[in-house]
1. Residues to consider are Glu130, Glu89; find the one that is out of contact with any strand residue (DSSP E or B) (no Cβ under 9 Å at 6 or more places or on another chain) and among the acidic types (Asp, Glu).
2. Can Arg73 be described as more than 23 Å from Met218 (Cβ to Cβ) and either at pLDDT below 95 or open to solvent by 30 Å² or more (accessible area, probe 1.4 Å) (or both)?
3. Just to be sure I understand the filter: pairs with C-beta atoms under 6 Å, separated by 6 or more residues or on different chains, first member in region 258-278 and more than 18 Å from Ala217 (Cα to Cα), second member surrounded by fewer than 14 Cβ atoms within 10 Å (Cβ to Cβ) and at pLDDT 95 or above. Which pairs pass?
4. Tell me which of these Tyr146 doesn't satisfy, since it passes every other one: (1) open to solvent by 50 Å² or more (accessible area, probe 1.4 Å); (2) within 21 Å of Pro81 (Cα to Cα); (3) not polar (S, T, N, Q).
5. For Ala99, all conditions in the list (1) out of contact with any Phe, Trp or Tyr (no Cβ under 8 Å at 6 or more places or on another chain); (2) small (Gly, Ala, Ser); (3) part of a helix (DSSP H, G or I); (4) more than 22 Å from Leu273 (Cα to Cα) hold save one; what is the number of the exception?
6. Out of Asn203, Asn180, report the one residue that is within 11 Å of Thr296 (Cα to Cα) and surrounded by fewer than 19 Cβ atoms within 10 Å (Cβ to Cβ).
7. Any idea which residue in region 7-40 is farthest from the chain's Cα centre (by Cα), counting only those that are among the hydroxyl-bearing types (Ser, Thr, Tyr) and either over 23 Å from Val91 (Cα atoms) or surrounded by fewer than 23 Cβ atoms within 10 Å (Cβ to Cβ) (or both)?
8. Taking the conditions exactly as written (open to solvent by 50 Å² or more (accessible area, probe 1.4 Å) and touching a residue at least 40 places away in the same chain (Cβ under 8 Å)), does Arg51 satisfy them or not?
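The values are calculated or read from the model by the stated rules, or taken from the named source; none is laboratory data. Keep in mind that this is a model prediction, so the values were computed, not measured. We place every Cβ from the backbone using ideal geometry, glycine too, and count neighbours over all the protein chains shown. For the accessible areas, the whole protein counts, side chains as well, though only heavy atoms, and no ligand, DNA or RNA atoms are used. Shrake-Rupley method; radii C 1.70, N 1.55, O 1.52, S 1.80 Å.
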Amino acid sequence: MIGEHLSKSVNTLVIGGSGFVGSKIVSEATKGQGCEIAYTYATRKVDLPARAYQVKLEEGDGLERCILETNPRVVVYCAVPFIDQALHEAVSVEGVKRALSKLREVNPSARFIYVSTNAVFSGARGPCRESDLPDPESRHDHYREYALTRAEGERVAQEMWTNTIIVRTSNVDGRDINGNLNSRLSFSVERLRSGQPLPRFCNRRISPTLVDNLAAAMLEVIHPSFNYRGVLHVAGSQQVTDYEYAKLLARQIGVDENLVEEDYSDESSNISLDVTFTQSLLRSRLLNVAEQLAFTFPK
């Protein structure tokens with residue numbers, strides 16, 4: 001029964017905790033941090049020493065039941081439907097509304113951390129600062145629907161919950177909790193190591209981010225002593241093009257850099273994130289690309 005669980009409150013509930021970013025946050029939070037943590041998963045429970053709740057954000061009352069049973073002091077919302085565009089609204093917006101409505105009943109003083117993305121910017125004026133307003137409506141690529149709903153999720157969180165932090169990140173790569181490369185990075189490495197050309201954009205600037213670095217910073221943001229509320233840009237410290245990133249990757253794994261070929265998107269864009277302000281609040285140092293790759297592919 002639900003009532004039997006009401007006393008089992010947790011410090012932190014990670015909604016979307018089985019994903020690439022979410023599972024890394026949960027994993028790091030359980031390593032001697034004195035943090036009792038729970039997480040939700042949609043279809044695949046991961047092997048972590050934390051309480052797990054199956055929640056399909058587009059269905060039923062599983063989310064509300066989970067929040068009632070865990071009574072969290074911090075909620076980290078990092079659920080993202082990367083594949084099914086039909087779920088963007090349900091997960092990125094309606095799920096936030098439902099989570100905050102229930103949290104208001106259970107623990108109105110809780111903190112809510114919404115993990116967002118550089119995709120909320122069109123790329124017309126980067127590098128983007130925390131004070132810059134999202135302009136996803138100016139995007140005209142296949143990320144448009146995703147960007148619109150993520151920006152709307154930011155707006156909903158800020159309007160519904162005063163005690164909110166929006167964490168935007170960018171192009172997160174690295175190894176998951178089992179040591180496997182994420183799919184985007186794995187694809188690039190496999191092509192390069194097999195001697196195949198790897199075309200990459202020369203006219204799009206990004207802020208590559210190491211998942212471990214992001215998780216370390218998130219532990220600071222989750223900590224009770226972290227007093228800032230508002231928008232943070234938690235991403236890598238170096239702004240590069242996709243082409244430059246791939247060149248550095250080839251160099252790190254010891255393959256011919258000439259396999260990386262110049263390519264161009266239809267429109268030039270700069271969706272990189274300026275992390276100067278956020279870095280001033282963190283003890284964790286946000287890493288440059290060479291440091292990230294050295295961590296992922298040690299020699």
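1. On the way: Glu130 fails: out of contact with any strand residue (DSSP E or B) (no Cβ under 9 Å at 6 or more places or on another chain).
Result of the check over Glu130, Glu89: Glu89.
2. Working: more than 23 Å from Met218 (Cβ to Cβ): no; either at pLDDT below 95 or open to solvent by 30 Å² or more (accessible area, probe 1.4 Å) (or both): yes.
No; evaluated as a whole, the condition is false for this residue.
3. Hits for this filter: Leu259/Pro197; Glu261/Pro197.
4. Every condition holds for Tyr146 apart from (1).
5. Condition not satisfied by Ala99: (1).
6. Details: Asn203 fails: within 11 Å of Thr296 (Cα to Cα).
After ruling out the rest, the residue left standing is Asn180.
7. The extreme case among them is Ser7.
8. Details: open to solvent by 50 Å² or more (accessible area, probe 1.4 Å): yes; touching a residue at least 40 places away in the same chain (Cβ under 8 Å): yes.
Considered against the rule, which asks whether it is open to solvent by 50 Å² or more (accessible area, probe 1.4 Å) and touching a residue at least 40 places away in the same chain (Cβ under 8 Å), Arg51 comes out as yes.
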